[in-house]
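**Q** Pasting a structure here, questions to come.
The values are calculated or read from the model by the stated rules, or taken from the named source; none is laboratory data. These numbers were taken from a predicted model, which means no experiment stands behind them. Cβ placement follows ideal geometry from the backbone for every residue including glycine, while neighbour counts extend to all protein chains displayed. Areas reflect the complete protein model, heavy atoms only, side chains present, ligands, DNA and RNA absent. Shrake-Rupley method; radii C 1.70, N 1.55, O 1.52, S 1.80 Å.
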Protein chains: 2
Amino acid sequence: MTQRAEFDEAIALEPRPGTPGTYDACLGEGWRIGAGVNGGLLLALAGHALGLELAGSRPDGIPGHRDPLAISAYYLSPGAPGPATVTAQALRRGRAVSTGQASVTQDDGAGTEVERLRALASFGDLSALDQGATTSAAPPPLPPPEECLSASEAPPHFLAHASLLERLDLRLDPATTGWAVGRPSGNGVIRGWLRMADGREPDPLLLLLAVDALPPVAFDLGHAGWTPTLELTAHVRARPAPGWLRVALRSRTDSGGYHEEDAEVWDSAGRLVALSRQLARAVAPSPPRLSGSDADGGASASH
Amino acid sequence: MTQRAEFDEAIALEPRPGTPGTYDACLGEGWRIGAGVNGGLLLALAGHALGLELAGSRPDGIPGHRDPLAISAYYLSPGAPGPATVTAQALRRGRAVSTGQASVTQDDGAGTEVERLRALASFGDLSALDQGATTSAAPPPLPPPEECLSASEAPPHFLAHASLLERLDLRLDPATTGWAVGRPSGNGVIRGWLRMADGREPDPLLLLLAVDALPPVAFDLGHAGWTPTLELTAHVRARPAPGWLRVALRSRTDSGGYHEEDAEVWDSAGRLVALSRQLARAVAPSPPRLSGSDADGGASASH
């Protein structure tokens with residue numbers, strides 16, 4: 001019997017009997033970053049539930065939609081390792097696109113259900129998009145993986161709070177890692193190769209993790225602390241080929257600590273497979289409290 | 001008595017007695033584009049309701065939040081001129097940021113309420129962001145407004161379905177309007193100056209219109225028809241100064257007609273005041289049906 005890959009284990013959903021669209025999940029201890037669970041993993045979890053909800057055919061026989069085209073998550077409080085409830089609901093089932101809403105909540109330990117993220121998404125059929133893709137964008141320039149810096153060489157204070165990195169094989173372009181030795185370039189660029197440590201190949205749901213799996217681009221802007229995500233929107237543009245993904249992060253404008261982080265993900269066939277943008281906020285180096293009800297602005301353990 | 005500006009009239013909300021967070025609105029005949037009401041106007045309408053909902057103080061005295069920082073709208077069906085219902089609900093009231101959800105619906109004429117858009121948003125205080133803004137982005141190069149092409153010179157078939165253009169003073173850079181005479185550059189770039197025809201000065205809500213007020217960038221990619229928006233996310237980064245806005249649209253990747261449209265908005269003081277990205281779909285030149293229940297994929301009268 002084949003063992004389930006770590007990512008598939010992490011986004012596994014158990015339908016709750018009698019309540020359609022409601023699932024039990026468990027946020028794994030192995031996906032922590034900073035004081036919470038990685039925001040990309042939460043996004044993939046919400047995307048998984050939405051795919052199950054929107055895949056069903058309409059009463060008139062029009063087929064449903066399994067692939068995320070666009071998904072936007074607003075992070076309300078940091079996810080904590082442990083049980084979680086995921087709900088997904090269809091808002092509209094169209095011919096080419098279906099749209100839905102999802103939510104991830106957790107018990108706060110005192111019997112109150114606290115929302116971690118709320119998401120909206122449009123799903124479609126990526127197979128239908130494979131014809132006629134054109135782009136004026138170029139894949140990010142990267143040295144070969146063996147000439148890049150493995151995430152396991154990251155500063156110890158970072159690794160200590162980043163069990164997520166054990167799930168990934170992440171190789172950062174040394175030209176974009178000056179921040180790791182106290183010399184951020186200020187350019188707002190981080191690039192690297194990404195694949196799963198256990199060999200799990202990329203698919204559209206994994207791309208939702210990939211857009212938020214690198215160290216925060218804020219590090220290259222000179223921010224050293226926690227950078228919670230307020231909002232992250234990802235567009236999936238193609239089903240990725242097996243093999244390494246190339247991920248490029250960029251940020252251009254910082255307003256009082258608020259900054260955008262744009263991510264591009266390219267597959268091994270040289271195709272731009274996902275685009276994302278998040279609004280994040282650089283805050284003081286100490287991690288926030290885990291309580292969601294009073295956390296100070298934005299709340300994803302995004303990086 | 002001062003007459004209310006056209007934009008303020010268009011986003012006016014009348015609280016519905018007895019139902020907190022529910023407002024009556026009217027989508028104006030003068031904001032049509034293609035077969036529906038402009039998607040940016042719907043976004044501003046949802047943003048207006050969210051601002052009212054999130055501006056209130058928390059029970060513990062922490063002040064509320066009036067300014068949109070990030071807002072994501074998923075377009076479910078095209079808005080039609082006439083009455084609309086707008087609802088807004090707080091999901092979380094934090095110290096620096098509050099998050100909410102909004103919806104715009106309309107009666108389909110047969111007594112059924114049809115949803116036009118669903119939105120999530122984070123609100124904060126833009127005044128707190130004015131210190132320390134840094135950017136590596138440059139304002140879009142533009143000839144002076146008097147050397148640009150006024151939107152009133154657009155092709156007659158476009159103007160006939162675009163009462164929106166009468167609300168705007170829009171001057172497009174002639175270097176990016178080849179599509180208007182059958183010669184799209186293929187670069188995926190449209191740039192121009194924007195202000196309201198009646199002199200109404202920009203503010204954060206008006207920026208939500210501004211990110212979706214130019215002709216679709218798809219025109220410069222060679223698409224000639226309808227380009228409904230599936231999803232649009234806008235980040236507001238500063239309160240805009242009075243005067244002209246500069247707007248730059250860009251699209252780099254088209255996958256089977258699906259393409260991103262990135263917008264930057266710069267104010268007269270040379271500051272990047274808003275960023276947006278939408279996922280749009282180029283479809284055949286005929287406008288879609290107005291019925292929301294069966295429209296073919298995405299549905300905003302975005303341009």
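**Q** It is to be established whether one or more residues within the stretch A:14-27 are touching a residue at least 40 places away in the same chain (Cβ under 8 Å), among the aromatic types (Phe, Trp, Tyr) and within 28 Å of B:LEU279 (Cα to Cα).
**A** no
**Q** Right, next: Can you find a residue that is among the hydrophobic types (A, V, I, L, M, F, W, C), within 14 Å of chain A (Cβ to nearest Cβ) and open to solvent by 40 Å² or more (accessible area, probe 1.4 Å) anywhere in the stretch B:205-221?
**A** yes
**Q** I would also like to ask the following. Name the residues in the stretch A:72-120 that are in contact with a Cys (Cβ under 8 Å, 6 or more places away or on another chain) and either without any contact (Cβ under 8 Å) to a residue 24 or more places away in the chain or within 15 Å of A:THR22 (Cα to Cα) (or both), would you?
**A** Across the stretch A:72-120, the qualifying residues are A:PRO83, A:ALA84.
**Q** Okay, next question. Which ones in the stretch A:235-246 are more than 10 Å from chain B (Cβ to nearest Cβ) and within 25 Å of B:LEU69 (Cβ to Cβ)?
**A** Going through the stretch A:235-246, the residues more than 10 Å from chain B (Cβ to nearest Cβ) turn out to be A:239-246.
Of everything in the stretch A:235-246, nothing turns out to be more than 10 Å from chain B (Cβ to nearest Cβ) and within 25 Å of B:LEU69 (Cβ to Cβ).
**Q** Checking B:GLY79 against (1) crowded, with 19+ Cβ neighbours inside 10 Å; (2) closer than 30 Å to A:VAL104 by Cβ, only one condition comes out false. Which one?
**A** (2)
**Q** Continuing with the same structure: Mind listing whichever residues of the stretch A:6-46 are at pLDDT below 95 and β-branched (Val, Ile, Thr)?
**A** Of everything in the stretch A:6-46, just one residue is at pLDDT below 95 and β-branched (Val, Ile, Thr), namely A:ILE33.
**Q** If I ask for residues that are among the polar types (S, T, N, Q), open to solvent by less than 40 Å² (accessible area, probe 1.4 Å) and under 25 Å from A:THR229 (Cβ atoms), which ones from the stretch A:88-136 would you list?
**A** If the condition is that a residue be among the polar types (S, T, N, Q), open to solvent by less than 40 Å² (accessible area, probe 1.4 Å) and under 25 Å from A:THR229 (Cβ atoms), then A:THR99, A:GLN101, A:SER103, A:THR105, A:GLN106, A:SER122 are the ones that fit.
**Q** Looking at the stretch A:67-113 only, could you name the residues that are at pLDDT 95 or above, farther than 21 Å from B:THR99 by Cβ and more than 13 Å from chain B (Cβ to nearest Cβ)?
**A** Scanning the stretch A:67-113 gives A:PRO81, A:GLY82, A:PRO83.
**Q** Name the residues in the stretch B:183-204 that are among the hydrophobic types (A, V, I, L, M, F, W, C) and either assigned to a helix (DSSP H, G or I) or away from chain A (no Cβ under 14 Å) (or both), would you?
**A** If the condition is that a residue be among the hydrophobic types (A, V, I, L, M, F, W, C) and either assigned to a helix (DSSP H, G or I) or away from chain A (no Cβ under 14 Å) (or both), then B:ILE190, B:TRP193, B:LEU194, B:MET196, B:ALA197 are the ones that fit.
**Q** Within the set of pairs 6+ apart or on separate chains, which have a first residue in the stretch A:59-71 that is farther than 18 Å from A:LEU43 by Cβ, a second that is open to solvent by 10 Å² or more (accessible area, probe 1.4 Å), and C-beta atoms under 6 Å apart?
**A** A:ILE62/A:ARG95; A:PRO63/A:SER57; A:GLY64/A:ALA55; A:GLY64/A:GLY56; A:GLY64/A:SER57
**Q** So in the stretch B:255-270, with the set limited to residues that are surrounded by 24 or more Cβ atoms within 10 Å (Cβ to Cβ) and farther than 22 Å from B:PRO145 by Cα, which one is nearest to the other protein chains (Cβ to nearest Cβ)?
**A** The qualifying residue nearest to the other protein chains (Cβ to nearest Cβ) is B:SER255.
**Q** Now for a separate question. Restricting the stretch A:15-33 to residues that are over 21 Å from A:LEU207 (Cα atoms) and not polar (S, T, N, Q), which is surrounded by the most Cβ atoms within 10 Å (Cβ to Cβ)?
**A** By that ranking, first place goes to A:TYR23.
**Q** In this structure, does B:SER136 turn out to be more than 14 Å from chain A (Cβ to nearest Cβ) and among the hydroxyl-bearing types (Ser, Thr, Tyr)?
**A** Against the criterion (more than 14 Å from chain A (Cβ to nearest Cβ) and among the hydroxyl-bearing types (Ser, Thr, Tyr)), B:SER136 does not qualify.
**Q** Follow-up. Six or more apart or on different chains, Cβ atoms under 6 Å: show the pairs whose first residue is in the stretch B:132-144 and without any contact (Cβ under 8 Å) to a residue 60 or more places away in the chain and whose second is part of a loop (DSSP other than H, G, I, E, B) and surrounded by 11 or more Cβ atoms within 10 Å (Cβ to Cβ).
**A** Cβ pairs passing all conditions: B:GLY132/A:GLY256; B:SER136/A:ARG252.
**Q** Residues that are under 17 Å from B:MET196 (Cα atoms) and of a type in the set (A, V, I, L, M, F, W, C): does the stretch B:26-33 have at least one?
**A** Of the stretch B:26-33, the ones under 17 Å from B:MET196 (Cα atoms) are B:28-33.
From what is left, the residues that are of a type in the set (A, V, I, L, M, F, W, C) are B:31, B:33.
Yes, some residue in the stretch B:26-33 is under 17 Å from B:MET196 (Cα atoms) and of a type in the set (A, V, I, L, M, F, W, C).
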